[in-house]
Structure formats: structure tokens, C-alpha cells
Amino acid sequence: MCRTSISSMARSSPRPSRRQRPRWRSLLLEILRGEIEPLEIMLEDGLLTRYYEQDPANKRSTEALAKYVGLLYDCNPDIRILEIGGGTGSATLPVLEAMEQALEGASANRPLVQAHITYKKLDISQDPLSQGFVAEDYDLIIAANVLHATPDIVQTIQNTSMLLKSGGKLVLLELTKTSLPLAFPFASLPGWWLSEDTYRSIDGPLLSEDS
């Protein structure tokens, strides 16, 4: 029997890079006035991508995730995986690399992982079946730093679970502690303030470890 395990993910909050902080400070007034979209600043020159790539906690978490998925793929080459909110690809790319590495020792007839990737729009805060998804269709669902940006976390988890096969797994990467350096850039995004349930505080959308 093939067994897998995954280590505890890092819980510390990432800090904005040195390059990101001065850029944000110089444009803070324009952002608060609504004259500039904060996401535009984050996406300039791949800034947000580098932010996640250079953050030690995120790096450790995605490396553990990739190793885990690689083991699952090695056990079940027909595994069906859904990633919710690929974003910058900070979790996607390590996972794909791990799966491709698993192919190196497998049959040469096994097709490349990328050949089976499809992209679809999904609002996980809403019923996924009404958006063209099929119930109990996935063996594994990956959600890295995304589910917190929904109004009702209970409904979001229920919608996510709806898509998992019996015995399927949800790998959830989320921060459980916030800090001023973290909140400084991300609190300007609409998704930071979407939470309406009783499990989150007024300070932001992150769930505590107890929640």
C-alpha cells in the first residue's frame, strides 16, 4: 500500500520585500484615494511573484506541498487534481515540477503533465455545480492562500468538499497570524475585507489555528 504524509506548514507571516515597501509608501495616498489600483502595483515587473518566491515561509510550504503531490502522483498516475486560485503560480510551478520528476522514473509512454492541464473560471464562494463542475470529480484539491478571500468560510469549504471524491484530500495553505508588514499591502485589496462569517476578526480574513 502506498502511504504519504505531509509536514506541518509554516505559520509565520511573510514580509513585503525591500523593493515593495518603498514603492507602496510612495503611492499610498493615491491608493487610498482610489486613484491607483493596488493590484496593478503588485503585478508590476513580476513584483508579487517575487514576493511569494522569496518569502521563506511560503517557500517551505510550497516545497512540502510539491513533495506530497509528487508522492500522490507516483502512487496514482491517474490522479485528478484541482487547484483553486492559481494566482502567481507560486504553488503551481513546484507541484508541476515534482510531478514531472516523478515521470522520470516512470514509463516513457506516460504523457507529460502539462498536456492534461485545463483552465476554468471558478468562484468557489458559489455553488461549483452551477458553474459547470462535476460533484466528486477530484482526488486532490489544492488551495494556497486563496480560500480566506471569500465571504463565508464554512460555505466555501462545503463548496470545495462537494468536488472531492470519497477519500479525496484538500491541501489548504493559509496563514494563521497576521502582522502590520503583511497587512500593509494586502489590506488594500478588496478580497482582504470580504469575510462576513463569525470565524474571522475585524482585522482581516485570516483564520486562527483554533478556527
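Structural remarks
- Cβ-defined net charge surrounding Leu189, 14 Å radius [Lys, Arg +1; Asp, Glu -1]: -2
- Evaluating 6.51 cos²θ - 1.76 cosθ + 1.60 at θ = phi - 60° for every residue in the stretch 157-167, the Karplus couplings come out as 5, 5, 5, 5, 4, 4, 8, 8, 5, 4, x Hz, glycine and proline recorded as x.
- Anchor Lys120: lysines whose Cα lies under 22 Å away (excluding residues fewer than 8 positions away in-chain): Lys165, Lys169
Every number here is computed from the coordinates shown, using simple stated rules; none is lab data. Here the structure is a predicted model, which is why all the values come from computation and not from measurement. When we count neighbours, we look across all protein chains shown, and the Cβ atoms used for this are built from the backbone with ideal geometry, even at glycine.
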